[in-house]
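In what follows, a single structure is set out as structure tokens and then discussed.
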Amino acid sequence: MKEEFILNNLRIKYKVISVKRLPELQADIDKTEQDGNLSNLKLFRPYINDFKFRVPENFPEAKYIVVLAIEHNLAKVNFHLNGQKHNIILPHDYHRLGASVEELAELVEKEIIKEAGFKVEHNRTMHLKLLAVRSGLGRYGRNNICYVDGLGSFLSLYTFFTDYDFQVDNWYDLRMLEDCEDCSICSDNCPTQAIPNIDDDEFIIDVERCLTLHNEKLGEFPEWLRSDAHNSLIGCTRCQQYCPANTKVIEKIIQLEDITEEETKMILDGRIEEHLSLSIGRKLRIFDDIKNAEYPIPLIKRNLELLLD
């Protein structure tokens with residue numbers, strides 16, 4: 001069975017896993033919680049509180065989950081200010097994927113199921129990394145990020161329930177990349193020491209110290225977080241930039257459209273002029289509607305000031 005496709009020039013890999021495995025997947029998460037390895041930090045819990053491994057209530061006849069890993073490359077963008085050009089990283093998680101949910105659902109229907117009459121439903125309420133590793137699609141890195149052969153860690157995971165019966169039983173142990181066993185590069189380069197060192201046979205990070213958790217939301221930074229730890233417009237890329245498993249894929253970095261001097265000054269002045277804000281959101285591929293922007297201009301202003309310093 002072919003397990004790789006190209007859609008809109010993006011590489012896509014997939015695996016399927018039976019819904020019969022959902023109780024075991026939930027048991028994995030429950031054990032992690034019981035072992036004290038899921039943080040109770042108020043800032044973190046909203047990310048996972050609604051996540052459950054269960055069949056959707058409106059789709060009780062679902063039999064399988066299709067797990068997709070889609071190529072989603074690191075990006076850079078030039079901010080112009082005072083006659084100078086500042087090249088700043090925007091991680092793949094924060095700019096739009098070059099394929100829509102509808103296009104991905106159609107790919108599942110036409111290229112993976114290949115038979116008419118079956119339902120396909122997108123789902124976002126599961127722990128996707130765990131699902132991808134258990135399905136055999138990916139493996140964990142020491143940095144607790146999912147890696148997929150040929151895509152590295154610069155990818156997005158999507159899942160679709162279907163009532164099609166693939167008649168296979170994919171189920172793999174929780175695995176860490178072989179490259180990680182004797183490597184501490186991500187741990188050594190983590191700006192907040194959130195990643196376990198080489199002496200730990202674990203791939204659970206200290207999420208409360210993870211820079212991404214703190215700088216992708218508005219609010220005060222904790223006192224322990226140094227200003228020079230910031231390295232991306234949103235989030236953090238240090239553990240992935242230097243990772244040997246990303247050596248080939250990091251070369252496919254995307255250069256986004258430049259942010260002009262006028263646009264940069266608007267951000268730093270704290271002004272929100274709709275036409276400029278919309279231009280910035282579209283160039284960064286992060287929003288088309290400033291009223292519903294997940295990453296609003298005030299957040300970009302706060303982070304940009306730190307990077308320019």
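Listed residues 20, 13; which is under 19 Å from the mean Cα position of the chain (by Cα) and either assigned to a strand (DSSP E or B) or modelled with pLDDT of 90 or more (or both)?
13
Test of understanding: among 25, 7, 81, 68, which residue is under 18 Å from the mean Cα position of the chain (by Cα), modelled with pLDDT of 95 or more, surrounded by 12 or more Cβ atoms within 10 Å (Cβ to Cβ) and not basic (Lys, Arg)?
The unique qualifying residue is 68.
Can you tell which of 268, 233 is in a helix (DSSP H, G or I), modelled with pLDDT of 95 or more and aliphatic (A, V, I, L, M)?
268
Looking only at residues that are without any contact (Cβ under 8 Å) to a residue 12 or more places away in the chain and touching a strand residue (DSSP E or B) at 6+ places or on another chain (Cβ under 8 Å) in region 86-112, which one is nearest to residue 13 (Cα to Cα)? So that I can check it myself, show each step before the final result.
Let us first name the residues in region 86-112 that are without any contact (Cβ under 8 Å) to a residue 12 or more places away in the chain, namely 87, 100, 102, 106, 109-110.
The next check asks that each one be touching a strand residue (DSSP E or B) at 6+ places or on another chain (Cβ under 8 Å); those that pass are 87, 109.
Working: 87: 31, 109: 15 Å.
Per the criteria, the residue is 109.
Just checking, how many residues over region 23-55 are part of a loop (DSSP other than H, G, I, E, B), of a type in the set (A, V, I, L, M, F, W, C) and within 17 Å of residue 159 (Cβ to Cβ)?
4
Out of the residues in region 117-140 that are hydrophobic (A, V, I, L, M, F, W, C) and not in a strand (DSSP E or B), state the one that is farthest from residue 179 (Cα to Cα).
Checking each candidate, the answer is 118.
It is to be established whether one or more residues within region 141-155 are assigned to a helix (DSSP H, G or I) and out of contact with any strand residue (DSSP E or B) (no Cβ under 6 Å at 6 or more places or on another chain).
So far as region 141-155 goes, no, none of its residues is assigned to a helix (DSSP H, G or I) and out of contact with any strand residue (DSSP E or B) (no Cβ under 6 Å at 6 or more places or on another chain).
Out of region 29-65, which residues are under 26 Å from residue 170 (Cα atoms) and within 16 Å of the chain's Cα centre (by Cα)?
Listed by number, the residues that qualify are 48, 51.
Select, from 179, 188, 173, the only residue that is of a type in the set (D, E, K, R) and part of a loop (DSSP other than H, G, I, E, B).
173
What pairs come out if I take residues in region 275-286 that are farther than 16 Å from residue 97 by Cβ and pair them with residues that are aliphatic (A, V, I, L, M) and in a helix (DSSP H, G or I) whose C-beta lies under 6 Å away, six or more apart or interchain?
Pairs found: 276/266; 277/290; 277/297.
Of the conditions (1) crowded, with 17+ Cβ neighbours inside 10 Å; (2) touching a Ser or Thr at 6+ places or on another chain (Cβ under 7 Å); (3) not aromatic (Phe, Trp, Tyr), residue 212 satisfies every one except a single condition; which number is it?
Going through the list (1) crowded, with 17+ Cβ neighbours inside 10 Å; (2) touching a Ser or Thr at 6+ places or on another chain (Cβ under 7 Å); (3) not aromatic (Phe, Trp, Tyr), residue 212 breaks only (2).
Residue 109 is checked against (1) in contact with a helix residue (DSSP H, G or I) (Cβ under 9 Å, 6 or more places away or on another chain); (2) part of a helix (DSSP H, G or I) and fails just one. What number does that condition carry?
Of everything listed in (1) in contact with a helix residue (DSSP H, G or I) (Cβ under 9 Å, 6 or more places away or on another chain); (2) part of a helix (DSSP H, G or I), residue 109 misses just condition (1).
Pick from 93, 35: which is modelled with pLDDT under 95, among the acidic types (Asp, Glu), touching a Gly at 6+ places or on another chain (Cβ under 7 Å) and closer than 26 Å to residue 195 by Cβ?
After ruling out the rest, the residue left standing is 93.
Being touching a helix residue (DSSP H, G or I) at 6+ places or on another chain (Cβ under 6 Å) and not aromatic (Phe, Trp, Tyr) is the filter here, so list the residues in region 72-87 that pass it.
72, 73, 74, 80, 81, listed by residue number.
The values are calculated or read from the model by the stated rules, or taken from the named source; none is laboratory data. In this text the structure is predicted, and so the values were computed from the model without any measurement. As a convention, Cβ positions derive from the backbone with ideal geometry for all residues, glycine included, and neighbour counts pool all protein chains shown.
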